[in-house]
Amino acid sequence: MASEKEIVLAYQQAHNAHDVDLALSYMTPNIRYMMTGLWTREGLDELRALESWDAALNSHLTYGDLKVRQGRMDCRGSETNDWYRLVGIDKVEFDSIKFEFKDDKIAHIRARIAPKGERALDSAMNDVVRWALDVDPAEVHELLP
């Protein structure tokens, strides 16, 4: 039986290797992943789409300051990917990531982006939307009603 820390670090390694099936093998079938204030994904099908997207973007996660207590693990983390680099963001920091476990698998992830990362992402998205509005406003209005 693996410890909570070992499970999370094995998931991190699979994610960083872009091995979608292996990354998903560390999760329960009804996994719930919340990016606080932004979105929630539930179930392996939705997480498969997210892991596949992250693999395409060459996402790399780093977890640190890992603290395990009573079936939970709290940590900090960061993510780099090709899209972030393209829009001038070195990495996005998470000031809180909480993992909950069931039957030696990750059952729930709740992550909160640090304020500096939120501002950088907001600025990048605003720049992309402004550019897209100049190029094809009808398409942008269809994608972002």
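The values are calculated or read from the model by the stated rules, or taken from the named source; none is laboratory data. For clarity, every value in this text was computed on a predicted model and none was experimentally measured. Neighbour counts run over all protein chains shown; Cβ positions are idealised from the backbone, glycine included. When the accessible area is computed, the model is the full protein with side chains, heavy atoms only, and any ligands, DNA or RNA have been set aside. Shrake-Rupley method; radii C 1.70, N 1.55, O 1.52, S 1.80 Å.
Residues in the chain average 60 Å² of solvent-accessible surface per residue, probe 1.4 Å, ligands and nucleic acids excluded. Dividing the mean sequence gap of close Cα pairs (under 8 Å, 6+ apart) by how many residues region 13-73 holds gives a relative contact order of 37 percent. Annotation: average projected area of the chain is 9.1 square nanometres, based on the convex hull of Cα atoms across all directions. Relative to the dominant Cα principal axis of the chain, helix 115-135 is inclined by about 40°. Which percent of the accessible area of the chain is formed by carbon and sulfur heavy atoms (probe 1.4 angstrom)? Percent of accessible area from carbon and sulfur atoms in the chain: 52. Which one, V92, V20, V129, has the greatest fluctuation when you compute a Gaussian network model over the chain with C-alpha springs under 10 angstrom? The residue with the greatest mean-square fluctuation here is V129. Short-range pairs are left out: with C-alpha atoms under 8 Å and at least six residues apart, the relative contact order of the chain is 22 percent.
Under 15 Å from a label point 7 Å along Cα→Cβ of W53: give me every residue in region 88-104 with its amide N that close. Output list for this probe position: empty. Of the residues I31, I109, I89, the one that moves most in a GNM of the chain with alpha-carbon contacts below 10 Å is I89.
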